[in-house]
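> What follows is a structure written as structure tokens; I'll ask about it next.
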Amino acid sequence: MAFLRLQDVPGPMGWSAHYDLFRRRLDMGVVLREISQAHGDLVRIPIPGAPKVLLSHPDDIQEVLATKAAMFRLFGQDLLRRLIPWGQIAIEGQVHDDNRSQLVLAMRKILSRRIPRLSLEQCQRGLAPLRDGDMLDLYQFARDVTLAMSSAALFPQAAERELTGHVDPDAFLKILSNTNAWLLGIPVVLQKMRHLAQLPHTLQMLRLRRRVHAQLRESIRLVRQRGASGPQADALTLLTDGSEIGGPLRDEFLADNMMTLLLAGYETGHNVLTWAMWEAAHREDLQTHLAEEGSRLSDDPEANNEWINTAPWTDAVVQEALRMYPSVWTLPRQSLFEYRLRDHLFDAGTIFYTSQWVTHRDPRWFPQPDRFQPERWLEAASPSVKGEADSTSAVVEKPAGRVKHHPFAFFPFGGGKRFCLGKAVFDFEAGLLLGSLLREWRLEPVQNCHPRPRFYVTMQPDPPPLVVLRRR
């Protein structure tokens, strides 16, 4: 059987296509979706350098991310290894698998022991300064609260305050805003030329890394010196002591993985929460449902452990925000060997893009994909939902039951053995923040504020979504 080669894969090519993608590089998710709609599920991407292919069908995505994941490596891994050489997102193979098991156990334990109380405390602290009639920047609000949640869950109390003071969210945002998927896809020599033009931000990133790493190492030293007594609640102590997770995490992995968990824990989470609040602000009926469910939150943190399981509308809003606005919007993998996909044979080194933004907005899997419809995630439409469909102009047609789809048609947390470590923590914290905010406040979107997604390493709103707060 004769296989088709890369040159047989459809897609826009030539210098005009290269220039068009460069010009629209901060809209890259939108461009990739346009290319997929025009050329199909297997498409060439016009970025200079190694050949790049976009996969949009869930079957192909599952094969690359899960079924045959051993045939691929993370694309951009060299850059990651320079920044966090021993972080989970930068390592492969058995080393990755061995350390992941300890991290998974640690995250499960802090979810039950620490997250309910500390998340509630941080929500209350974040809500305390709000006043009736205030204009609220949802992006900054979500960022500040999720950063406080992440640091509180990951570190002992004494280290938490010190570390939070060393993490500069604005500096981190500047770093991300000067790195995008197009830049990471071009040859290394061109990347270096680009980084020279951004030298101040590169130096800022290196200073930030050194500052946080130094404080992390000091926190690790203090934890070791103090020793552990009884069940531990924070991730750093669990990983340093190791008695509850099958052994301590080795020193070279501790600082890099704690920094990864801290930055990933708030950067990806607060982007999704920003969009969830912004979309809810445009639908009074959604805010009513969220407020009713939020009113059942208890001041006793332990009583909230199962709350998210009894808050279907809150969960549905979070799921729909993850579908429409996935913070991690693309997961590129580079083949280690020749790779056969369908009737094509690709050379080693080919880069395969899987994009949550593209696949989540495919009408084959999600009808009316560009409409924010949390109702699609509900188990069944209640009579009240059907009645609201007649009286609410925001929704014309509401599905009758929870959406059923291929498991890799919806993959905001990735897939396979690299599935996100913090998913369960995010689900709880996101629901708690939405419920706590909406039970006290109504959100009114500011006129002439029209944020749009910008596709950096993570997807961010530009400009920040602004709302006016009205006391319930």
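The values are calculated or read from the model by the stated rules, or taken from the named source; none is laboratory data. Please read all numbers here as calculations on a predicted model, not as lab measurements. In this analysis, Cβ positions are derived from the backbone assuming ideal geometry, glycine residues included, and neighbour counts consider all displayed protein chains.
> With basic (Lys, Arg), at pLDDT below 95 and not in a loop (DSSP other than H, G, I, E, B) as the only criterion, which of 442, 454 stands out? Walk me through how you get there before you give the answer.
On the way: 442 fails: at pLDDT below 95.
None of the other options fit; the residue is 454.
> Restricting attention to the range 436-472, which residues are more than 27 Å from residue 58 (Cα to Cα), β-branched (Val, Ile, Thr) and in contact with an Asp or Glu (Cβ under 8 Å, 6 or more places away or on another chain)? Reasoning before the result, please.
The first filter runs over the range 436-472 and keeps only residues more than 27 Å from residue 58 (Cα to Cα), leaving 436-451, 462-472.
If we keep only those that are β-branched (Val, Ile, Thr) too, we end up with 446, 467-468.
Those that are more than 27 Å from residue 58 (Cα to Cα), β-branched (Val, Ile, Thr) and in contact with an Asp or Glu (Cβ under 8 Å, 6 or more places away or on another chain): 467, 468.
Yes/no matrix, rows are residues, columns are (1) in contact with a Lys or Arg (Cβ under 7 Å, 6 or more places away or on another chain); (2) closer than 17 Å to residue 430 by Cβ:
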site	(1), (2)
263	no, no
279	no, yes
284	no, no
295	yes, no
300	no, no
308	no, yes
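> What residue, among those in the range 346-381 that are part of a strand (DSSP E or B) and of a type in the set (Phe, Trp, Tyr), is nearest to residue 183 (Cα to Cα)? Spell out how you get there, then give the answer.
So the first thing to find is which residues in the range 346-381 are part of a strand (DSSP E or B), and the list is 346, 351-354, 380.
Narrowing further to those that are of a type in the set (Phe, Trp, Tyr): 346, 352-353.
Working: 346: 23, 352: 16, 353: 14 Å.
Taking the candidates together, the pick is 353.
> Mind listing just one residue for me: the one in the range 316-345 that is in a strand (DSSP E or B) and aliphatic (A, V, I, L, M) and, of those, farthest from residue 67 (Cα to Cα)?
The qualifying residue farthest from residue 67 (Cα to Cα) is 345.
> What is the number of the single condition among (1) surrounded by fewer than 21 Cβ atoms within 10 Å (Cβ to Cβ); (2) among the β-branched types (Val, Ile, Thr); (3) under 15 Å from residue 339 (Cα atoms) that residue 64 does not meet?
The number of the failed condition is (1).
> Scan the range 351-373 residue by residue and report those that are polar (S, T, N, Q) and surrounded by fewer than 22 Cβ atoms within 10 Å (Cβ to Cβ).
Residues of the range 351-373 polar (S, T, N, Q): 354-356, 359, 368, 373.
If the condition is that a residue be polar (S, T, N, Q) and surrounded by fewer than 22 Cβ atoms within 10 Å (Cβ to Cβ), then 368 is the only one that fits.
> Does residue 104 qualify as being among the β-branched types (Val, Ile, Thr), in contact with a Leu (Cβ under 9 Å, 6 or more places away or on another chain) and surrounded by fewer than 19 Cβ atoms within 10 Å (Cβ to Cβ)?
Values: among the β-branched types (Val, Ile, Thr): yes; in contact with a Leu (Cβ under 9 Å, 6 or more places away or on another chain): yes; surrounded by fewer than 19 Cβ atoms within 10 Å (Cβ to Cβ): yes.
It is true that residue 104 is among the β-branched types (Val, Ile, Thr), in contact with a Leu (Cβ under 9 Å, 6 or more places away or on another chain) and surrounded by fewer than 19 Cβ atoms within 10 Å (Cβ to Cβ).
> A further question follows. Among the residues of the range 423-435, count how many are out of contact with any Asp or Glu (no Cβ under 8 Å at 6 or more places or on another chain) and surrounded by fewer than 21 Cβ atoms within 10 Å (Cβ to Cβ). If you could, list the steps in order and put the result at the bottom.
Step one: of the range 423-435, the residues out of contact with any Asp or Glu (no Cβ under 8 Å at 6 or more places or on another chain) are 423-426, 428-430, 432-434.
Next cut, surrounded by fewer than 21 Cβ atoms within 10 Å (Cβ to Cβ) only: 423-424, 428.
Adding up the residues that qualify gives 3.
> If you don't mind, another one. Can you tell me which of (1) at pLDDT below 95; (2) basic (Lys, Arg); (3) part of a strand (DSSP E or B) is the one residue 417 doesn't meet?
Condition (3) is where residue 417 drops out.
> Something else about it: Among the residues of the range 412-465, how many are in contact with a strand residue (DSSP E or B) (Cβ under 9 Å, 6 or more places away or on another chain) and closer than 28 Å to residue 114 by Cβ? Even if it seems obvious, please write down each step before you answer.
Step one: list which residues in the range 412-465 are in contact with a strand residue (DSSP E or B) (Cβ under 9 Å, 6 or more places away or on another chain), which gives 414-415, 418, 437, 440-446, 449, 451-457, 459-465.
Still in the running and closer than 28 Å to residue 114 by Cβ: 414-415, 418, 437, 440-441.
Of the residues in that region, 6 qualify.
> Moving on. Considering only residues that are of a type in the set (A, V, I, L, M) and part of a helix (DSSP H, G or I), which ones fall in the range 71-106?
So the first thing to find is which residues in the range 71-106 are of a type in the set (A, V, I, L, M), and the list is 71, 74, 79-80, 83-84, 89-91, 95, 103-106.
Scanning the range 71-106 gives 71, 79, 80, 83, 89, 90, 95, 103, 104, 105, 106.
> Same structure, new question: Among the small types (Gly, Ala, Ser), out of contact with any helix residue (DSSP H, G or I) (no Cβ under 6 Å at 6 or more places or on another chain) and over 28 Å from residue 235 (Cα atoms), is that true of residue 281? Don't jump to the end; show me each part of the working.
Values: among the small types (Gly, Ala, Ser): yes; out of contact with any helix residue (DSSP H, G or I) (no Cβ under 6 Å at 6 or more places or on another chain): yes; over 28 Å from residue 235 (Cα atoms): yes.
Yes; evaluated as a whole, the condition is true for this residue.
> Say we look at the range 92-101 and pick out the residues that are of a type outside the set (Gly, Ala, Ser) and in contact (Cβ under 8 Å) with a residue 24 or more places away in the chain; which of these is surrounded by the fewest Cβ atoms within 10 Å (Cβ to Cβ)? Walk me through it before giving the result.
Residues of the range 92-101 of a type outside the set (Gly, Ala, Ser): 92, 94-100.
Going one step further and asking which of them are in contact (Cβ under 8 Å) with a residue 24 or more places away in the chain, we end up with 96-97, 99-100.
On the way: 96: 15, 97: 11, 99: 20, 100: 17.
For the range 92-101, the residue satisfying everything is 97.
> Only one residue in 338, 375, 397 is modelled with pLDDT under 55 and charged (D, E, K, R), so which one is that?
Working: 338 fails: modelled with pLDDT under 55; 375 fails: modelled with pLDDT under 55.
Unique residue meeting the criteria: 397.
> Examine the range 21-41 for a residue that is without any contact (Cβ under 8 Å) to a residue 40 or more places away in the chain, surrounded by fewer than 16 Cβ atoms within 10 Å (Cβ to Cβ), over 24 Å from the mean Cα position of the chain (by Cα) and assigned to a loop (DSSP other than H, G, I, E, B), and state whether such a residue exists.
yes
> Of the residues that make up the range 112-120, is at least one basic (Lys, Arg), under 24 Å from residue 242 (Cα atoms) and either in contact with a Lys or Arg (Cβ under 7 Å, 6 or more places away or on another chain) or buried (at least 17 other Cβ atoms within 10 Å of the Cβ) (or both)? Quick ask: steps written out before the conclusion?
Taking the range 112-120 as the starting set, the residues that turn out to be basic (Lys, Arg) are 113-114, 117.
Right, trim to under 24 Å from residue 242 (Cα atoms) and you get 113-114, 117.
Filter once more, so that each one left must be either in contact with a Lys or Arg (Cβ under 7 Å, 6 or more places away or on another chain) or buried (at least 17 other Cβ atoms within 10 Å of the Cβ) (or both): 114.
Yes, the range 112-120 contains at least one residue that is basic (Lys, Arg), under 24 Å from residue 242 (Cα atoms) and either in contact with a Lys or Arg (Cβ under 7 Å, 6 or more places away or on another chain) or buried (at least 17 other Cβ atoms within 10 Å of the Cβ) (or both).
> Determine which single condition residue 196 fails, assuming it passes every other condition in (1) out of contact with any Asp or Glu (no Cβ under 9 Å at 6 or more places or on another chain); (2) at pLDDT below 70; (3) surrounded by 17 or more Cβ atoms within 10 Å (Cβ to Cβ).
The one condition residue 196 does not meet is (3).
> Could I ask something else about it? Pick from the range 230-267 the residues that are in contact (Cβ under 8 Å) with a residue 24 or more places away in the chain, of a type in the set (S, T, N, Q) and over 22 Å from residue 117 (Cα atoms): which of them is surrounded by the fewest Cβ atoms within 10 Å (Cβ to Cβ)?
260
> While we're looking at this one, here's another question. Anything in the range 457-472 that is buried (at least 19 other Cβ atoms within 10 Å of the Cβ) and in a loop (DSSP other than H, G, I, E, B)? List them, or say none.
Result: 457, 458, 465.
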